[in-house]
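Here is the structure we will look at, set down as structure tokens.
The values are calculated or read from the model by the stated rules, or taken from the named source; none is laboratory data. Only a predicted model underlies this, so the values are computations on that prediction, with no experimental measurement involved. Cβ coordinates were reconstructed from backbone atoms using ideal geometry, including for glycine residues, and neighbour counts include every protein chain displayed.
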Amino acid sequence: MPRPYQPSLLRLLHGATALLVPLAWLTGLLVYSTDDGRFGSLPFRPAGEWIDIHGTVGVLLWPIALLFGFYALTAGRARLRQPANALALLALALAVGSGKLMDEDWLRDGRFQHAVYSVHLLAWLLIALAVALHVGAVLQRGGLPLARSMASLQVRSGDLPGNWFDQIRRSFKVRG
């Protein structure tokens, strides 16, 4: 059985997202625990300006999520037929989009009633579920070889950075 291969652009965008999403999720947990905590909080209060750290992670995640979404809707759209992939991308869009609409002073001032903040909290829960389902689906579909293929540094000819634009452009052509 041949080893699975993932396109290098997918691996780059997926890898950057896979690094930033857990960081955003964890810093979001710390923000919630220290500034809101209405539905429970951590048993400790970590020192630091977690809202600013979480916001910085969000600022880094924003362009990666946009590029990843663009890739997923063009060259990667066949992968969106997998429900776990589609759910993960939707959860990412909801989390990043609602985060961009928030004002960090809402939490500092104790104003938790904003609908956008509620949507962001929902997205935080949805991201956790979506990532778990996504990883489970990858392991079910292709096991460790498929999971490892996302971390592979191997690049085939025709899949170098100079080829990425053509890969995206080809995905817009009508298939007959």
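Yes/no matrix, rows are residues, columns are (1) over 26 Å from Asn163 (Cβ atoms); (2) over 10 Å from the mean Cα position of the chain (by Cα):
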site	(1), (2)
Tyr71	no, yes
Thr74	no, yes
Ala78	no, yes
Pro83	yes, yes
Leu89	no, no
Ala93	yes, no
Ser98	yes, yes
Glu104	yes, yes
Arg111	yes, yes
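Given Asp35, Asp52, which one is among the charged types (D, E, K, R), assigned to a helix (DSSP H, G or I) and in contact with a Phe, Trp or Tyr (Cβ under 8 Å, 6 or more places away or on another chain)?
Details: Asp52 fails: in contact with a Phe, Trp or Tyr (Cβ under 8 Å, 6 or more places away or on another chain).
None of the others qualify; the one that does is Asp35.
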Legend entry - Answer from Ala65, Ala47 - the residue that is exposed (fewer than 12 other Cβ atoms within 10 Å of the Cβ) and free of Cβ contacts under 8 Å to residues at least 60 places away in the same chain: Ala47
Legend entry - Answer from Ala75, Ala123, Ala86, Ala91 - the residue that is part of a loop (DSSP other than H, G, I, E, B), of a type in the set (A, V, I, L, M) and either in contact (Cβ under 8 Å) with a residue 12 or more places away in the chain or surrounded by 12 or more Cβ atoms within 10 Å (Cβ to Cβ) (or both): Ala75
Legend entry - Number of positions in the stretch 126-172 that are surrounded by 11 or more Cβ atoms within 10 Å (Cβ to Cβ), assigned to a loop (DSSP other than H, G, I, E, B) and polar (S, T, N, Q): 2
Legend entry - Failed condition for Ala115, given (1) farther than 30 Å from Leu10 by Cα; (2) of a type in the set (A, V, I, L, M, F, W, C); (3) modelled with pLDDT of 95 or more; (4) surrounded by 19 or more Cβ atoms within 10 Å (Cβ to Cβ): (4)
